[in-house]
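Beneath this line is the structure, given in structure tokens, with notes to follow.
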Amino acid sequence: MPGLASDGSNPDVSLLYDINGLAKAAPPWFDRVMEFVGEYGIMLAMALVVLWCWWSVRRRGTLADSVSAVAGLVWAPLAAGVALLVNIPIRGFVERPRPFKDHQGLEVLIAGKTDFSFVSDHATLAMALGVGVFVAHRGFGLAAIGLALAEGFARVYMGVHYPTDVIGGFALGTAIALLLAPPALALLTPLVSAVARSGLGVRLVRSRRASERRRPEAVDIPEPRIGGPATGSGRNDLAA
């Protein structure tokens, strides 16, 4: 398996050199920016998208909408954690070296990477988060998925992953976030609904202003489903 991309005629290697070649042509300051963005910046932006989505869904729609969306947002980081755990045996089985160990002339922006390359943890984490947010809210989810795609590009740009490492991470993160969403939401939705009924935790699910606008309002447990009430009408779009 380590020889997956050892042949220079392999499209995977060719694309690696094409994308990483942009780093060679770029000024040093831009590479330093990409180094931070690819290692930390995009993941910080993903966290801000999750927080922004949570703030939005607490203030719009019905209480049932907020419960469904917050349950989906709780699932997003859980899905990312599960995907990273699943990736541990995959990396150990494939044992694919980092591209700079088998190929000369790469511009490696992050030194000291000694673990295996397939699949990319960053790509897996980012896409699992992005798809998890999409389960909760389509508008914010599309923004998060866009950030995940940028993360994958940055990992190849920095010379620390093959393109197929990134594609494998995208596939793994998506599969975990979507396939496990129904049972996860079936468990999380009643828990979030119980929090919404409590005196101390209600503000985690519903803002005070939204609650006052819609009184009296029953706290029903919504049907857990992907793309639930909070996503369908566009009321909670990013532009709202």
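Values for this structure:
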{"read-out": "Restricting the range 165-192 to residues that are over 17 Å from the mean Cα position of the chain (by Cα) and crowded, with 23+ Cβ neighbours inside 10 Å, the residue that is nearest to H103 (Cα to Cα)", "value": "L185"}
{"read-out": "Residue, modelled with the lowest pLDDT, within the range 107-151, restricted to residues that are under 29 Å from P27 (Cα atoms), small (G, A, S) and crowded, with 24+ Cβ neighbours inside 10 Å", "value": "S117"}
{"read-out": "Scan of the range 83-96 for residues that are in a loop (DSSP other than H, G, I, E, B) and crowded, with 19+ Cβ neighbours inside 10 Å, ordered by number", "value": "R96"}
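The values are calculated or read from the model by the stated rules, or taken from the named source; none is laboratory data. As the structure is a prediction and not an experimental result, all values here were calculated from the model. All Cβ positions, glycine included, derive from the backbone under ideal geometry; neighbour counts span all protein chains shown.
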